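In what follows, a structure is listed as structure tokens, so that the remarks can point back to it.
The values are calculated or read from the model by the stated rules, or taken from the named source; none is laboratory data. All values derive from a computational prediction rather than experimental measurement. Heads up, the Cβs are rebuilt from the backbone with ideal geometry, glycines too, and the neighbour counts pull from every protein chain shown. For accessibility, only protein heavy atoms count, side chains too; no ligands or nucleic acids. Shrake-Rupley method; radii C 1.70, N 1.55, O 1.52, S 1.80 Å.
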Amino acid sequence: MSQSGESTTIFDAEREQFLNSKSSSRIALTVDDTEIDDENDDIFFENQLRTGLDSIIEDIGFGKFQKQLLVLCGFGWLADNMWLQCVTMILPRVQVHYQVSNSVIGFLPSAVTFGMMFGALFWGTFSDSYGRKQAFNWTLAVTAFFGVFSSFAQSFTQLCFLLFFMGFGVGGNLPVDGAIFLEFVPKDQQHLLTFMSIFWPFGAVVTSLAAYLVLPQNSCPESDGITFSCDISKNNGWRYLLAILGSLTLLMLIGRVLFFGLKESPKFLMARNRHNEAAIVLRDIAHINGREISVDANDLSTSDENPPRVSISMTYPPVKILSNSHYRYKGFFVDPMYFIKNRISSKRRDIAPLFTPKWIKTTILVWTIWSVVSMAFVMFNVFLPKYLEALAGTENSGSNGSDILDQVMKDILIFSFWGIPGSLIGTWLIDTPLGRRYTMAAGAFSTSLSVFLFTALKTRIATVICCSAISLFTTIKYAVIYGYTAEVFETKIRGTANGIASACARITGILAPILTGNLFSISLVAPIYVSAILFSIAGFCMILLPIETKGRRAV
């Protein structure tokens, strides 16, 4: 290489490193004669820009666009619980179909939850890096594809594999959809994020209704671990249920893509300094709502008449001369380790703000709450149909398997409906003196008490009442947890924080079915007692949360 060519290559390499690696550079900002270090410059400018953007969102108001978004984001939450409930409903049927033991069957819900964990991590971080819009559509696309194909599984291993990828898709719905909705609505309508959780119990109702219509006539029942005599070819109800729910998810995706053109979040665009695009999105939303506004990038800059004086100086280390043994990339030689280190540094920068003194207590408590509540809920819920079938078989020893299964499906449908008023009650309670923290704590303690009563009362009527109460209080608790987590964190870390919180829930959700299956083999009530204790622990963590988001603008 000539000396001139080498100089050009080194210059290009230096420029590329500067553009792609903030960690290797030093950016010093002086604002009104005060130096802002490079770790806090994003926070500083976000605070400066926030007021102008928020005031415009307030002026646009809550109209047609936000109402459509509420429904379509709600589809994601509906799909989340719809598929969780589906796994619970088909579990005894799959166990009979593939003749697997209690200790092994728990790997099926664990595979789904494992996929959800990776999905929550991937889609939450993806939405913070590449935008909310892409993640919004792809989560349901992946869910629908693998949901339908799982109905054709020819072995237990295949079914676990396909449902893992279904879980990967559906796992992104909660962190992504909640963040999207919150960033499009004015402050006085943010409580609707809690109201949106009403779609979550509807997911359980949809699955329970489909299961009630499909499973009893197309299943081999099970009672007390003894399989009734049944032709395995007549045990395809679980396949029909998977195909039905996969098709419903596909319809939700079509509604999102064809009938609603989601705009990229203005707050995400502002956080990426894409002010012109943010202004265009705001004008489009106002037009959809039947209003016309005049807004450009300058209107989003600051609400102050005299914006701060900013001077910027930049220094970064020179790039070492690279040998011919390095790879060629975009016209110059680069060290491949540079890209790996740069990517790791980028991920660290995404997560690091969550562990600053400002956020560390909230971060740890929120992630603990998601983890504990998930384990408690899964331990109670995942084997509930199996438990109810065993209980019904004991009470009605003379009934045939189909009648017992029909009764159990009907009972599950009844108390699934009781989750719906839970979201409405939660939406009302969060704006009372209880606020967000004490509303979800009350829901957690009430759920714990109801679970204890469930183990003590053995009649069918008492069981239905207790399960209905558990469904009601669980929905109240979950409704507020979802809304609180999205509200409490700021825009630049919201997707990551929500994604990791959801991933924490999935990790404990992976462990819970396996642990429950082994406990279930020992005692029918052992996992239920553990579940009640965990709900109480979650309640105490909720009380300890340092930030109450009632009346606080989501920033």
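Table for the structure above
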{"item": "Matching residues in the stretch 191-218 - criterion: being under 14 Å from Val480 (Cα atoms) and either β-branched (Val, Ile, Thr) or open to solvent by less than 10 Å² (accessible area, probe 1.4 Å) (or both)", "result": "Leu193, Thr194, Met196, Ser197, Ile198, Pro201"}
{"item": "Restricting the stretch 253-280 to residues that are among the charged types (D, E, K, R), touching a residue at least 24 places away in the same chain (Cβ under 8 Å) and assigned to a helix (DSSP H, G or I), the residue that is most open to solvent (accessible area, probe 1.4 Å)", "result": "Lys267"}
{"item": "Pair list, Cβ under 9 Å, 6 or more apart: the stretch 403-423 residue in contact (Cβ under 8 Å) with a residue 60 or more places away in the chain and of a type in the set (Asp, Glu), other residue part of a helix (DSSP H, G or I) and open to solvent by less than 30 Å² (accessible area, probe 1.4 Å)", "result": "Asp406/Pro216"}
{"item": "The stretch 438-474: number of residues that are of a type outside the set (A, V, I, L, M, F, W, C), open to solvent by 30 Å² or more (accessible area, probe 1.4 Å) and modelled with pLDDT of 90 or more", "result": "2"}
{"item": "Within the stretch 79-102, considering residues that are open to solvent by 20 Å² or more (accessible area, probe 1.4 Å) and either of a type in the set (A, V, I, L, M) or within 28 Å of the chain's Cα centre (by Cα) (or both), the one nearest to Leu515 (Cα to Cα)", "result": "Val100"}
{"item": "Of all residues in the stretch 140-177 being in a loop (DSSP other than H, G, I, E, B) and crowded, with 24+ Cβ neighbours inside 10 Å, the one that is modelled with the lowest pLDDT", "result": "Gly172"}
{"item": "Residue match in the stretch 524-533 (condition: open to solvent by 60 Å² or more (accessible area, probe 1.4 Å) and modelled with pLDDT under 85)", "result": "yes"}
{"item": "Leading residue by the ranking (farthest from Glu548 (Cα to Cα)) among those in the stretch 149-171 that are under 12 Å from the mean Cα position of the chain (by Cα) and touching a residue at least 60 places away in the same chain (Cβ under 8 Å)", "result": "Gly167"}
{"item": "Flag for Thr496 being among the hydroxyl-bearing types (Ser, Thr, Tyr), open to solvent by less than 10 Å² (accessible area, probe 1.4 Å), in contact (Cβ under 8 Å) with a residue 12 or more places away in the chain and assigned to a helix (DSSP H, G or I)", "result": "yes"}
{"item": "Hits in the stretch 281-297 - residues which are open to solvent by 40 Å² or more (accessible area, probe 1.4 Å), touching a residue at least 12 places away in the same chain (Cβ under 8 Å) and assigned to a helix (DSSP H, G or I)", "result": "Arg283, Asp284, Ile288"}
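Rundown of residues vs (1) touching a Pro at 6+ places or on another chain (Cβ under 9 Å); (2) hydroxyl-bearing (Ser, Thr, Tyr); (3) over 19 Å from Thr143 (Cβ atoms); (4) in a helix (DSSP H, G or I), yes/no style:
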position	(1), (2), (3), (4)
Gly76	no, no, no, yes
Trp83	no, no, no, yes
Val96	yes, no, yes, yes
Leu108	yes, no, no, yes
